[in-house]
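Written out below as structure tokens is the structure these notes cover.
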Amino acid sequence: MTSIRAMAIGLLAGGAGTLVLDPRGDGPGHVRLAMLTGLLAGQLLTVPASLIGGVVRARARKGGPLRLYDLSVGPLLVASGALVVTQAWAVVHWLGADPVPGGVGDPDGETSLGLIAGLSGSVMVLVGVVLLANGVRSSRRPAGG
């Protein structure tokens, strides 16, 4: 469960990458594409670092489990993942238009980037649901057990 929590933190922290890239053209499609590209770049850096940090921290704390707030991180991750999935879907459909939008270098490469971002959003939703279910299950557990 510690690795799932660390992955969730890395996925959420990857959102800071959305502020890095500037759109190459005008319009909401270019903004979406730049934000999804930044998100994936941020997640490429933060998810492995978060997983390594989570494993190191879990091994250092042998006395008790590392407890993060599953009931707050889970819904946040589900909402963020749903947002990423919907924006990735919009980008893929925008790139699938018959005249290729201006400012897009390689439509096939950008479409694959949108599909990978959609997969990342789906993983975010799945991890968020797992954290939420764990938080609900552990909150219903008796205090002594």
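The values are calculated or read from the model by the stated rules, or taken from the named source; none is laboratory data. Since we're looking at a predicted model, the values are computed, not measured. Because the Cβ atoms are built from the backbone with ideal geometry, glycine has one as well, and the counts that use them run over all protein chains shown. These accessible areas exclude ligands, DNA and RNA; they are computed on the full protein's heavy atoms, side chains included. Shrake-Rupley method; radii C 1.70, N 1.55, O 1.52, S 1.80 Å.
Values as computed for the structure displayed
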| read-out | value |
| --- | --- |
| Matching residues, the stretch 1-40, being aliphatic (A, V, I, L, M), farther than 21 Å from GLY102 by Cβ, open to solvent by 50 Å² or more (accessible area, probe 1.4 Å) and free of Cβ contacts under 8 Å to residues at least 60 places away in the same chain | ALA16, LEU19, VAL20 |
| Subset of the stretch 54-75 [under 14 Å from MET7 (Cβ atoms) and either modelled with pLDDT of 90 or more or of a type outside the set (Val, Ile, Thr) (or both)] | GLY54, ARG57, ALA58, LEU66, LEU68, ASP70, GLY74 |
| Hits in the stretch 117-138 (condition: β-branched (Val, Ile, Thr), surrounded by 15 or more Cβ atoms within 10 Å (Cβ to Cβ) and touching a residue at least 60 places away in the same chain (Cβ under 8 Å)) | VAL123, VAL127, VAL130 |
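For every residue, the table says whether it meets (1) in contact with a Gly (Cβ under 8 Å, 6 or more places away or on another chain); (2) over 30 Å from VAL136 (Cα atoms); (3) in a helix (DSSP H, G or I).
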site: ARG5; (1), (2), (3): yes, no, yes
site: ALA8; (1), (2), (3): yes, no, yes
site: ALA13; (1), (2), (3): yes, no, yes
site: VAL31; (1), (2), (3): no, yes, yes
site: GLY38; (1), (2), (3): yes, yes, yes
site: ALA41; (1), (2), (3): yes, yes, yes
